[in-house]
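As structure tokens, the structure follows; a few thoughts come after it.
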Amino acid sequence: MSSDLRFESTRRRLNGQQAETVDRLTTAAVEVLREKGPAGLAVRGVAAKAGVAPATAYTYFSSKGHLIAEVFWRRLSEHVTERPEGGSIADRVVAVLRDVALLLADEPELSSAVTAALLGDDPEVSHLRVRIGADIRRRLVAALGEENDDEVVSALEMVYAGALVRAGMGYGSYSDMADAIESAARLILR
């Protein structure tokens, strides 16, 4: 984990012990999701799995949505998209979008929980949603290079967000949505 992220929280700067507690909580959240699914996730249960008091868990996370959004933010910020060698602008953009869309595809419980969490109205989730959106925008702008255009970036962001909401609603898998995102991105970038 990058040292900057390890000691950063949506609520405050963390010392080493606090960062370790947050790491344990985010790891435990994924374990609880795998065992019980999104409906079985509760901050209290995650705290028990992490070996911390519920009050301690709530010191760092205002809700289960906040906790799950933090898990996604950490995964996204640690993940580097491999740039295709010699690819076109469309190839680079598709690589970014597919990579982010597939980040959680092999973890259906976590994918479902992330979609629900990011649509929530918790202010801490809102803060993370802004960070996540900014990170994805930064990746798209880098992939577009000199062809960067705000309208194109906005359209690509809309495709990505819409596809993930559709996957979260059960209209297809995250892998299916990655294919749909690729098709739409290539249409936009013609």
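The values are calculated or read from the model by the stated rules, or taken from the named source; none is laboratory data. Note that the coordinates shown come from a computational prediction; the quantities given were computed from them, not determined experimentally. Cβ: placed from backbone, ideal geometry, glycine included. Neighbour counts: every protein chain shown. To get the accessible areas, we keep the full protein, side chains included, count just its heavy atoms, and leave off ligands, DNA and RNA. Shrake-Rupley method; radii C 1.70, N 1.55, O 1.52, S 1.80 Å.
Expressed in nm to one decimal, what extension gain is obtained for the pair E35 and S183 from 0.36 nm per residue of sequence separation less their Cα-Cα distance?
Extra length from E35 to S183 when fully extended: 49.8 nm.
Have a look at S175, S63, I188 and report the one farthest towards the positive end of the charge dipole of the chain, computed about the Cα centre with Cβ charges (Lys/Arg +1, Asp/Glu -1).
Positive-most Cα among the choices belongs to S63.
Could you state the number of Å between the C-alpha centres of region 59-74 and region 147-190?
Here the answer is 25 Å between Cα centres.
For a quick check of understanding: with a 1.4 angstrom probe and all protein chains in place, what accessible area in square angstrom does H79 have, to the nearest ten?
60
Averaged per residue, what accessible area in Å² does the chain show with a 1.4 Å probe, protein chains only?
50
Scan the chain and report its longest stretch carrying no GluC sites (Glu not before Pro) that are both in a DSSP loop and have at most 13 other Cβ atoms within 10 Å.
The segment 86-190 is the longest one with no such site.
For an R0 of 25 angstrom, estimate the FRET efficiency from the Cβ-Cβ distance between E146 and D106 and round to the nearest 0.05.
The formula returns an efficiency of 0.10 here.
Before rounding to the nearest 500, sum -39500 (n - 2.57) across all DSSP H runs of length at least 4 in the chain and divide by the residue total; then give [θ] at 222 nm in deg cm²/dmol.
Taken over the chain, the calculation gives -22500 deg cm²/dmol.
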